[in-house]
Amino acid sequence: MEKYQHQEFEAKWEAAFQKGGLYWAGESVDKDKYYILDMFPYPSGSGLHVGHPKGYIASDIVARYQRMRGYDVLHPMGWDAFGLPAENYALKNKIHPSIAVERNIAIFKQQLSILGLSYDWRREIKTTDPRYYRWTQWIFLQFYNSFYDRKAGRARPISELAVPPDLNPEERRTFIDNHRLAYESNKPINWCPTCKTGLAKEDLEEGRCERCGSKVELKPLRQWVLRITEYADRLLADLDLLPEWEESIREMQRAWIGRSRGVNVNFVIRAGGQEIGSLAVFTTRPDTLFGCTYVAICPEQPLLLEIAPYINNWPEIEQYIHQASQKTELDRTDLNKDKTGIRLEGCEAINPVTNQAVPIFVADYVLGNYGQGAIMAVPAHDERDYLFAQKYSLPILPVIISSDDHLPYTGSGKLINSQFLNGLEVDEAQKAITNWLVEQGVGEEATNYRLEDWTFSRQRYWGEPIPMIHCPQCGTVPVPAEELPVLLPMVDHYEPSGTGESPLITIKEWLHTTCPQCGGLAEREVNTMPQWAGSSWYYLRYLDSLNDKCLVDHEIERRWSPVDLYVGGAEHATRHLIYARFWHKFLYDLGIVNYPEPFTKLRHVGLIIGEDGRKMSKRWGNIVNPDDMVAEFGADALRLYEMFMGPFDQSSEWHTSGLKGTRRFLDKVWFLQAKITNKANDLALEAQIERTIAKVGGDIENFKFNTAISALMILVNKLCEQTSISRDSYLKLLIILSPFAPYLTQELWSILGNKGFISEEIWPTVNDQILQTEMTNLVVQFNGKTRGTLSLSVGMSQQEVVNIIKQTPELNKYWVDQTEPQKIIFLPNKLINFVF
Ligand SMILES: [Zn+2]
Ligand SMILES: [Zn+2]
């Protein structure tokens, strides 16, 4: 018999699979649908390394399995190609980004095409295609033309907004603009001096640019912002609709949205006995109000400029404000760093519950984006306030009895030094003081979020143009929907200006246009969208990628939505996955999608790291190219190896020696064909086959690919021991192996004289009768202690049982220090005892 030569048939079968339209979705409407989505890649210049396809292989195995189970499976692929990395790559290599992106996509596609991935390529999309970003721009216009109706709890057309009748035209316009879900803002934004663009909070990591690591600065810049905060409550509440998301991801989203409930307390500001203003202070601990001994405001607090004339040490304060603007958020809030602040001389705040004056500090540990940019400091019961009060010798007044006589005390207990709150528990005191503040008209209940509105402008070239026009007569005017897309102009020079202006401003023939409202001369919006824009809705476009009438046909959307299974990296938990849920909910409000959440089940993929234990990177020279592995071992061996490396969601080290092992396994499967006879198998073997079918199917559904493969390996070893195996058993083995190894199984299928494609076979149903009659419960002991039982088929050898126990987490945890036991007592079908 010839050897297994993957080079001789993988390409041949790939061509036949594509030609046969095996992976086309939507061809059989009588089947139930199953939508399996990969997070689409950003096609970088360096191509794929072996870590990239891990998630794609897993989703492909599920796709193949679900097709065999009779589902109409949609499994598409596309390219997320706008954004900074593509632009920086293009600048560095002096190739226009549009050309670089096409080139990189071609490389990626070639690399993916040899891995046996069952994509429906007819639906391929790329976010940089004008036929695609036309609809990204269209969605932006819908945001602009909508407001959030808090009573109804959803977005509605801006034309339905109730505008107070007594406003003059300008006030009217401002009122409306202040309600749009896409709005212009002049608030200082996070600016990366290296990337030369504004960033959203989601683009930062501990106060630094997530992409390049530079410290971000606050820069006042006009920008477009999406009012994502209106959706904060729904983004939180609807996490409960997602029981098939990993809890860790849901928890990360909850923390990111960061809802806290509390009270806005009004402090009157006085100077020289005169009232000069008031300050709302958000607190989640109104019960500690009697212990407030100073008020601290952030350097960005607008009140500062209002009361500047009353502040005796204003030059000093001004300098402090400037210094704070140079610091990162992390520098400002780090508990280990020294807290700084300056007292506003000549001004004081009045505690509304005691009517006593307390000093006001400007302090940069208070952040402008939390609450009202001001805090009531209670040093006795807050860590930061305590450190600050010690440093500036401020009074520290306990108002809760501490259980350990230690300050600051942040636990619960009874109130003291708090007049009418004395003797109450913390939660009772919170209710009582909140009621009092509301009754007195000096406070109101409030909810705060860590989530901020989404800074949506980038001052860079390679992104979707924002479809707005600035007219000297009419102000900001949207581009009419029928004129979309606003094409990104092809230009030779697109370096970022660094001044905060988009490079598009220098392209005069593009910039100058006419106003859609008055027909006069006007200019286009020159900022572009962030790289997260196109990926916030791409899963909908696959459903109907060629539609030029709407972004997705209603009936088609109803058939396929929501995505049943979504696979990708955990690093997207608080970026893409929040943005996409937000856009989806907005589209739900518009009636474009029929279900409130886009992704029913979410699985995240663990990294593959280099053989040296480091992240794969050019820098370390530890990158393994999948093309080389496929050439040497075959795509099937690579697929199996990546799934066999360990639990799917955990990171694992690459070892080419391990790939040799999965290749040897496939060699065994190949040579087994020599053992086929017409004789029936014995019952024990039949039972093991049935058990393996059940195990592999269940493991695929639970993303336990490594244990599915080990079950297949155990079965193949068993078959190798036989003098003959039945043809039927061998075909069953090929069928359940085919999602993992589509090429080899197809070749063997064909060699055995079968017509058509193995991937079109039905997944075998488990013969329960065989399974039941030949099962036994085997007792597992460690040092004589029973630790569990295993339901096994009759007749398994000691080595087989040991292997199963090693792969069973509930049992192998009793294995002492991974050492070999001194003795193994084995009573076949009854008991195994490991003596250490
Ligand atoms: Zn940067
Ligand atoms: Zn106009």
- Message: How would the stretch 646-723 be classified by its alpha-carbon gyration tensor: rounded, prolate or oblate, with rounded meaning a/c under 1.5 and the a/b versus b/c comparison settling the rest?
- Response: oblate
- Query: Can you give the calculated 222 nm mean residue ellipticity of the chain, where each DSSP H run of n ≥ 4 adds -39,500 (n - 2.57) and the sum is split over every residue, rounded to the nearest 500 deg cm²/dmol?
  - Reply: -10000 deg cm²/dmol
- Sort the following peptides by mean Cβ neighbour count (other Cβ atoms within 10 Å, averaged over residues), highest first: 62-75, 721-734. 62-75, 721-734
- For residue 781, the residues 5 or more places away or on another chain with a placed amide H closer than 5 Å to its own amide H are 787, 832, 833, 834
- Using only the alpha carbons of the stretch 634-764, determine the length spanned along each of the three principal axes and report them from longest to shortest in whole angstroms. 45, 28, 27
- Query: Which is farthest toward the positive dipole end of the chain among 362, 622, 376, measuring Cα position about the Cα centre, with Cβ charges +1 (Lys, Arg) and -1 (Asp, Glu)?
  - Reply: 622
- Charge context of residue 609, other residues only, Cβ under 12 angstrom, K/R +1, D/E -1: 0
- Message: From the convex hull of the Cα coordinates of the stretch 152-223, what is the mean projected area in square nanometres?
- Response: 6.8
- Query: Which pairs in the list 187/219; 92/508; 126/196; 109/755; 92/615 are over 18 Å apart, alpha-carbon to alpha-carbon?
  - Reply: 92/508; 126/196; 109/755; 92/615
- Just for the chain, what percent of DSSP beta bridges are antiparallel, to the closest 5? 75
- With +1 at each Lys and Arg Cβ and -1 at each Asp and Glu Cβ, the charge dipole magnitude of the stretch 634-764 around its Cα centre, to the nearest 20 debye, comes out at 360
- Item | Sequence ranges 461-467, 785-791, 126-132, ranked by mean other-Cβ count within 10 angstrom, highest first | 461-467, 126-132, 785-791
- Message: Residue by residue through the stretch 236-243, what is 3J(HN,Hα) from phi via Karplus (6.51 cos²θ - 1.76 cosθ + 1.60, θ = phi - 60°)? Round to whole Hz and write x for glycine and proline.
- Response: 6, 4, 6, 4, 6, 7, 10, x
- Query: Using the Karplus equation 6.51 cos²θ - 1.76 cosθ + 1.60 (θ = phi - 60°), what ³J(HN,Hα) coupling, rounded to whole Hz, does each residue of the stretch 581-590 give in order, writing x for Gly and Pro?
  - Reply: 5, 4, 4, 4, 5, 5, 5, 5, 4, 6
- Query: Roughly what angle does helix 84-93 make with the longest principal axis of the chain, taking Cα atoms, 0 to 90 degrees, to the nearest 10?
  - Reply: 80
- Task: Report the one residue of 59, 560, 179 whose Cα lies farthest in the direction of the positive end of the charge dipole of the chain (charges on C-beta: Lys and Arg +1, Asp and Glu -1; origin at the Cα centre).
- Result: 59
- Message: For 819, 354, which order do you get if you count the other beta carbons within 10 Å of each Cβ and list the fewest first?
- Response: 819, 354
- Query: Near the amide H of residue 81, under 5 Å away, which other amide H atoms are found, from residues 5 or more places off or on another chain, if H is placed in the peptide plane?
  - Reply: 127, 128
- Debye, to nearest 20: dipole size of the stretch 214-340, +1 on Lys, Arg Cβ, -1 on Asp, Glu Cβ: 260
- Query: Rounded to whole Å and sorted largest first, what semi-axes of the equivalent ellipsoid does the C-alpha gyration tensor of the stretch 260-448 yield via the square root of 5 times each eigenvalue?
  - Reply: 26, 19, 15
- Note on the structure: Computed from every Cα-Cα pair in the stretch 739-778, P(r) in 10 Å bins starting at 0 and rounded to whole percents is 24, 33, 24, 18, 1
- Note on the structure: Computed over the Cα atoms of the stretch 688-759, the Rg and Dmax in Å are 12.2, 34
- Item | Cα point-scatterer Debye curve for the stretch 157-312, base-10 log of I(q)/I(0) at q = 0.11 Å⁻¹ | -0.77
- Task: In debye, nearest 20, what is the charge dipole magnitude of the chain about its Cα centre with +1 on Lys and Arg Cβ and -1 on Asp and Glu Cβ, if you could check?
- Result: 1680
- Karplus-derived HN-Hα couplings along the stretch 344-350 (A = 6.51, B = -1.76, C = 1.60, θ = phi - 60°), whole Hz, x at Gly and Pro: 7, 6, x, 10, 8, 10, 9
- Note on the structure: Among 797, 37, 713, the residue whose Cα sits farthest towards the positive end of the charge dipole of the chain (+1 at Cβ of Lys and Arg, -1 at Cβ of Asp and Glu, taken about the Cα centre) is 797
- Computed over the Cα atoms, what is the radius of gyration of the chain divided by 2.2 N^0.38 Å, N being its residue count? 1.14
- Message: Can you tell me the orientation of helix 10-19 relative to the chain, as the angle in degrees between its alpha-carbon axis and the longest Cα principal axis, to the nearest 10?
- Response: 70
- Once amide H atoms are placed 1.01 Å from N in the peptide plane, what residues at a sequence separation of 5 or more from residue 602, or on another chain, have their amide H within under 5 Å of its amide H? 245, 246, 566
- Honestly the stretch 18-137 on the Cα gyration tensor test (a ≥ b ≥ c root eigenvalues; a/c under 1.5 rounded, otherwise a/b vs b/c for prolate or oblate) is just prolate
- Taking 146-156, 280-290, 224-234 and ranking on average Cβ neighbours within 10 Å, highest first, one gets 280-290, 224-234, 146-156
- Eigenvalues of the alpha-carbon gyration tensor of the stretch 268-370, times 5 and square-rooted, give semi-axes in Å, largest first, of 22, 18, 11
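At 1.306 mPa s and 10 °C, plugging the Kirkwood radius over alpha-carbon pairs of the stretch 429-501 into Stokes-Einstein gives what diffusion coefficient in µm²/s?
Diffusion coefficient, whole number: 90 µm²/s.
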- Item | Set of aspartates and glutamates with alpha-carbon distance to residue 54 below 15 Å, sequence-local pairs under 8 removed | 38, 627, 636, 642, 649, 653
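Laboratory data are not the source of any read-out in this text; all were calculated from the coordinates shown. Here the structure is a predicted model, which means the values were calculated and not measured. For neighbour counting, all protein chains shown are included, and Cβ atoms are generated from backbone atoms with ideal geometry for every residue, glycine included.
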